[in-house]
Amino acid sequence: MKKRFVCMLAALLILTFCLPASAASLVGSSAGIGQRISPTTWVAQYNGSTLPSALDDNSSTCWSFSIWSGIASDSTPEATFYFSGETLTTVWMRAGNYRSINDYFNNAFPTQVRLRIHMGSGSVDYNYQLDDLYDTITSSENWKNGYQSLQLPVPAADVRRVELFILTWRGGSTGNSELCISDIAFSGQAGVPTTTQPISQTGGGINTTLIMRLATRSGPSTKYTGLGSYFKEGAPVKVLTKAFDYSNGIWWVQVEFTYQGTLRRAYTGLKRVNVDIDRVPEEKQLGSATVKRAATAYYGPGTAYTRYKNAVPAYTTGTVWNRENGYVQFEYINDSGTKVRVWLSSNDVNMY
């Protein structure tokens with residue numbers, strides 16, 4: 001099946017898969033990447049018409065294609081980028097669909113890639129492990145505002161083309177075989193992209209006040225464990241997400257507040273909070289997970305939040321509803337048969 005792309009390449013170079021040098025203006029120059037190098041032309045083995053979406057420095061667009069089981073053993077690169085003899089030091093990549101957190105987890109993204117750098121004097125291969133955006137410290141040296149840096153061990157001079165091979169990938173929760181790469185940028189120095197920030201399901205939240213006393217649960221219905229009641233009418237809270245309770249036909253919202261000097265997150269009925277529900281993002285399940293070891297549970301994504309008295313037992317299975325700050329919001333059934341949502345370190349769970 002893949003051989004036909006080689007045969008068709010000459011005919012399709014201009015019409016379908018490749019763009020001429022004049023089209024290099026599609027590649028944005030505002031990302032703050034030092035000595036950004038624009039390829040003169042490019043070609044993709046799959047869905048080449050959308051490949052420019054990976055070169056526009058726009059995180060809401062992406063190059064996507066349906067992967068198949070033989071992709072890792074294929075000797076043909078998934079994409080090839082042509083250059084005019086520049087010196088290359090770094091490739092920056094946003095791996096995945098960055099349009100929203102739901103698109104990110106619904107679609108597949110590469111987890112290991114190979115860059116084959118062709119120079120005037122020959123070629124060299126470099127393999128890179130791509131981290132999950134939500135499992136990394138995004139302020140670290142190889143992560144800058146959603147871009148991951150694929151630093152070459154030594155600068156490559158007189159670069160003629162760069163071939164991208166996708167070696168492994170993580171399937172999406174719904175578009176399991178639809179693989180996405182949002183952006184690829186080539187640089188002559190180790191620059192720092194300054195545009196897109198990592199996406200978040202909770203966003204910045206909406207600051208508002210209570211209409212009545214805050215009665216809370218660990219999840220969005222009365223089927224979840226109770227977490228107590230707090231404050232009075234008029235007290236400030238931050239609304240993060242919403243979830244519809246089909247059993248009772250009402251909206252619940254996840255709120256954040258400070259209690260006894262520490263942060264907490266919990267759920268309450270919409271009637272208790274002064275907020276326009278249409279402005280609140282709706283939660284979506286991100287996947288299933290198993291706890292690897294007895295895990296410390298928190299009321300929110302980090303040690304700044306109140307800690308639960310009991311740990312979640314090892315090998316507990318459940319679902320994940322959010323990921324933030326290196327933590328996952330994990331839902332499971334406790335020994336009493338009641339639903340519980342807590343926050344665990346992402347290092348303590350295996351997602352699938």
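Other residues with beta-carbon under 12 Å from the beta-carbon of Y332 carry, at +1 per Lys or Arg and -1 per Asp or Glu, a net charge of 0.
Summing Lys and Arg as +1 and Asp and Glu as -1 over all other residues whose Cβ lies under 10 Å from the Cβ of Y315 gives a net charge of +2. Relative protection proxy for 57-67, 303-313, from highest mean packing down: 57-67, 303-313 (other beta-carbon atoms within 10 angstrom).
The phi torsions of the range 210-216, fed into the Karplus equation with coefficients 6.51, -1.76 and 1.60 and a -60° offset, translate into couplings of 7, 8, 8, 3, 8, 8, 10 Hz, rounded to whole numbers, with Gly and Pro shown as x.
In the range 214-304, which chymotrypsin sites (Phe, Trp or Tyr not before Pro) are in a loop and have at most 16 other Cβ atoms within 10 Å, using DSSP for the loop call? Before the final figure, lay out each step's value.
Details: sites: Y224, Y230, F231, F244, Y246, W251, W252, F257, Y259, Y267, Y298, Y299; in loops: F231, Y246, Y299.
Hits after loop and neighbour filter: F231, Y246.
The amide H of L227, built 1.01 Å from its N in the peptide plane, has T216, R217, S218 as neighbours under 5 Å, considering only residues 5 or more places off or on other chains. Counting Lys and Arg as +1 and Asp and Glu as -1 over every other residue whose Cβ lies under 14 Å from the Cβ of K232, the net charge comes to +1. Here the Karplus curve 6.51 cos²θ - 1.76 cosθ + 1.60, taken at θ = phi - 60°, turns the phi angles of the range 303-311 into couplings of 6, 6, 9, 4, 8, 6, 5, 9, 7 Hz, with x standing for Gly and Pro.
The range 287-351 gives an Rg/Rh value of 0.91, both radii derived from C-alpha positions and Rh following Kirkwood. Cβ-Cβ distance of Y352 and K271, R₀ of 25 Å, FRET efficiency by 1/(1 + (r/R0)^6): the value works out to about 0.10.
Close amide H pairs (under 5 Å, H built 1.01 Å from N) link T209 with V237, N274, residues at least 5 positions away or on another chain.
Kirkwood hydrodynamic radius of the range 206-279, from the reciprocal of the average inverse Cα-Cα distance over all distinct pairs: 12.1 Å. Each residue of the range 330-335 was assigned a 3J(HN,Hα) from its phi angle through the Karplus curve 6.51 cos²θ - 1.76 cosθ + 1.60 (θ = phi - 60°); the sequence is 10, 10, 8, 9, 7, 4 Hz, with glycine and proline shown as x. You can think of it this way: the chain between T222 and T258 has 10.7 nm of extra reach, that is 0.36 nm per residue less the Cα-Cα gap.
Any read-out appearing in this document is the output of simple, stated calculations on the displayed coordinates, not a laboratory observation. Given the structure is predicted, the values throughout are model-derived calculations rather than measurements. Using ideal geometry, Cβ is built from the backbone for each residue, glycine included, and neighbour counts are taken over all protein chains shown.
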